[in-house]
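Structure first, commentary second.
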Amino acid sequence: MQLQIAPSLLAADFMHLADEVEMLNASADLIHLDVMDGSLVPNLSFGFSVIEPLARMASIPCDVHLMIVHPEKYFQRFVDAGADYLSFHLEAARKARRSPAKMLRDIKAMGAKAGLAINPDMPVEEVFPYLEDADFILVMSVFAGFGGQKFIEATYDRVRTLKAEINRRGLNTLIEIDGGVGASNAAKLGECGATMLVAGSSVFKSADPAATIAALRGE
Ligand code: DX5
Ligand code: ZN
């Protein structure tokens, strides 16, 4: 399956967001939008006021990654704001004592693709019970909270394990990787079974972001 590249807007130039979206419309597969609340993760980012106008301008799907406590309170608002893909952390569901399966089904009922995210210290087997309900699993390859971190090598084995279980059960659940993704690991992640790659710094800090996206895709 062809790799889909989801540049993370966190690394974009916020003074020129419209230009960045135009560039992504022409070159990327998805736009990855990181929402942080300073509670589930030790950082803050942006919310509805940024996502709404941006999603209106985007001609490719918006992939909203919620790094917030009680994500279920905001699913409908993010879908209304334009989220086509919406993921939350298993860690957040546990904290809220909510059923991840129900949360995934709720997102799907709202018309978006539902994703379950896990940090690098969560055993990948913990998502196995939710592979039927999730459209995609977001495997973090750095600890959620900041762009520009170094890719954790143990991710490859986690992706292989996850992909093997998805195949064993004959499912179509997609695997997305987020954190430290760039030219040195994209192809190998694809070989391990990932199909969606989030890339912030490697895209936006490069001299030619559109060319970098194409290269990550393997073109
Ligand atoms: C980190 C975010 C990532 C981040 C990726 O918590 O979820 O999406 O923006 O940035 P890079 O590609 O720079 O690691
Ligand atoms: Zn992210």
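Here are some notes:
- Test for M67: is it out of contact with any Lys or Arg (no Cβ under 6 Å at 6 or more places or on another chain) and within 14 Å of ligand 1 (Cβ to nearest atom): yes
- The condition (being over 28 Å from N43 (Cβ atoms), touching a Phe, Trp or Tyr at 6+ places or on another chain (Cβ under 6 Å) and either charged (D, E, K, R) or part of a helix (DSSP H, G or I) (or both)) is satisfied by just one residue among A164, A101, A187: A101.
- Considering only residues in the stretch 168-182 that are in contact (Cβ under 8 Å) with a residue 24 or more places away in the chain and surrounded by fewer than 19 Cβ atoms within 10 Å (Cβ to Cβ), the one that is farthest from ligand 1 (Cβ to nearest atom) turns out to be R169.
- K150 being within 24 Å of L44 (Cα to Cα), surrounded by fewer than 19 Cβ atoms within 10 Å (Cβ to Cβ), away from ligand 2 (no atom under 15 Å from the Cβ) and without any contact (Cβ under 8 Å) to a residue 40 or more places away in the chain: yes
- Among residues of the stretch 37-65 being touching a residue at least 40 places away in the same chain (Cβ under 8 Å) and touching a helix residue (DSSP H, G or I) at 6+ places or on another chain (Cβ under 7 Å), the one that is nearest to I118 (Cα to Cα) is L40.
- Residue within the stretch 89-102 that is in contact with a strand residue (DSSP E or B) (Cβ under 7 Å, 6 or more places away or on another chain), more than 16 Å from ligand 2 (Cβ to nearest atom) and closer than 19 Å to L138 by Cα present: yes
- Members of the stretch 189-206 that are more than 16 Å from ligand 1 (Cβ to nearest atom) and farther than 17 Å from L30 by Cβ: E191, C192, G193
Every number here is computed from the coordinates shown, using simple stated rules; none is lab data. Everything numeric here is computed off the predicted structure, so don't read it as measured data. Because the Cβ atoms are built from the backbone with ideal geometry, glycine has one as well, and the counts that use them run over all protein chains shown.
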